[in-house]
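One structure is given here, and the rest of the page talks about it.
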Amino acid sequence: MKKKARNSGDNDVDPARSAQMALVRGRDTKPEIRVRKALHAAGLRYRLHDKKLPGSPDLVFPGRRIALFVHGCFWHRHPGCVAARLPKSRLEFWGTKLAGNVERDKRNHVALEATGWQVIVIWECETRDPQRLADLASKIRERERIKRPNRRGG
Ligand code: ZN
């Protein structure tokens, strides 16, 4: 029955505020670094933040045509996740703002898939699970390399 409280006294932290602070810290957020380290250790090589692709995916595996996004649970609305709960204050503001993020994510994923990319999303909360990261590495490895990626697209 005992609930492990790793961050004791963190209950009153405003999720919006902590997410905002994470955003201010910039691109090299902890979840993303956890993913990078795990995949690198698994022998996978990738490009970071490819701006030529819709949504500039956090990690890109060009040989396998995989675009990987490491999504913050709050900002990208991880369905059913406690970390995605909206703050009670300014509910309407956050609701609208974050719905916009979700819409944009959807558009980016559709655009990527339309050009032959496989889109994988790993959520911030999942990056704390080593098993989940190992599964992600095998999922990426399973996808066959494309021998000749120089096919011309429109
Ligand atoms: Zn989550």
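The values are calculated or read from the model by the stated rules, or taken from the named source; none is laboratory data. Keep in mind that what you see is a predicted model, and the values were worked out from it rather than measured. Virtual Cβ from ideal backbone geometry, glycine too; neighbours counted across all protein chains shown.
Quick notes on this one:
- Looking at 45, 27, 64, 36, just one residue is within 14 Å of the chain's Cα centre (by Cα) and modelled with pLDDT of 90 or more, and that residue is 36.
- For first residues located in region 39-68 and polar (S, T, N, Q), partners that are in a loop (DSSP other than H, G, I, E, B) and lie 6+ apart or on another chain with Cβ distances below 7 Å form the pairs 56/49; 56/50.
- In the set 86, 53, 44, 98, only one residue is assigned to a loop (DSSP other than H, G, I, E, B) and out of contact with any strand residue (DSSP E or B) (no Cβ under 8 Å at 6 or more places or on another chain); that residue is 86.
- Extreme residue, farthest from residue 141 (Cα to Cα), among residues of region 111-124 that are in contact with a strand residue (DSSP E or B) (Cβ under 9 Å, 6 or more places away or on another chain) and part of a helix (DSSP H, G or I): 124
- Against the list (1) surrounded by 13 or more Cβ atoms within 10 Å (Cβ to Cβ); (2) within 28 Å of residue 16 (Cβ to Cβ); (3) touching a residue at least 60 places away in the same chain (Cβ under 8 Å), the condition residue 73 fails is (3).
- Filter result (at pLDDT 95 or above, of a type in the set (Phe, Trp, Tyr) and away from the ligand (no atom under 16 Å from the Cβ)) within region 77-124: 117
- Filter pass, residue 111 being among the aliphatic types (A, V, I, L, M) and within 23 Å of residue 34 (Cα to Cα): no
- Matching residues, region 56-83, being in a strand (DSSP E or B) and either touching a helix residue (DSSP H, G or I) at 6+ places or on another chain (Cβ under 8 Å) or not aliphatic (A, V, I, L, M) (or both): 59, 61, 66, 67, 68, 69, 70, 71
- Residue 134 meets the conditions (1) more than 16 Å from the ligand (Cβ to nearest atom); (2) touching a helix residue (DSSP H, G or I) at 6+ places or on another chain (Cβ under 9 Å); (3) not in a helix (DSSP H, G or I) in every case but one. The failed one is (3).
- Residue count for region 62-82, restricted to those that are closer than 17 Å to residue 99 by Cβ and of a type outside the set (D, E, K, R): 10
- Inter-residue pairs, beta-carbon under 6 Å, first over 13 Å from residue 30 (Cα atoms) and in region 115-130, second of a type in the set (Gly, Ala, Ser) and not in a helix (DSSP H, G or I), 6+ apart: 117/67; 119/67
- Long-range neighbours under 7 Å by Cβ, at least six apart or interchain, first residue under 21 Å from residue 121 (Cβ atoms) within region 77-97, second near the ligand (Cβ under 9 Å from one of its atoms) and in a loop (DSSP other than H, G, I, E, B): 81/73; 83/73; 83/74; 84/73; 84/74; 84/78
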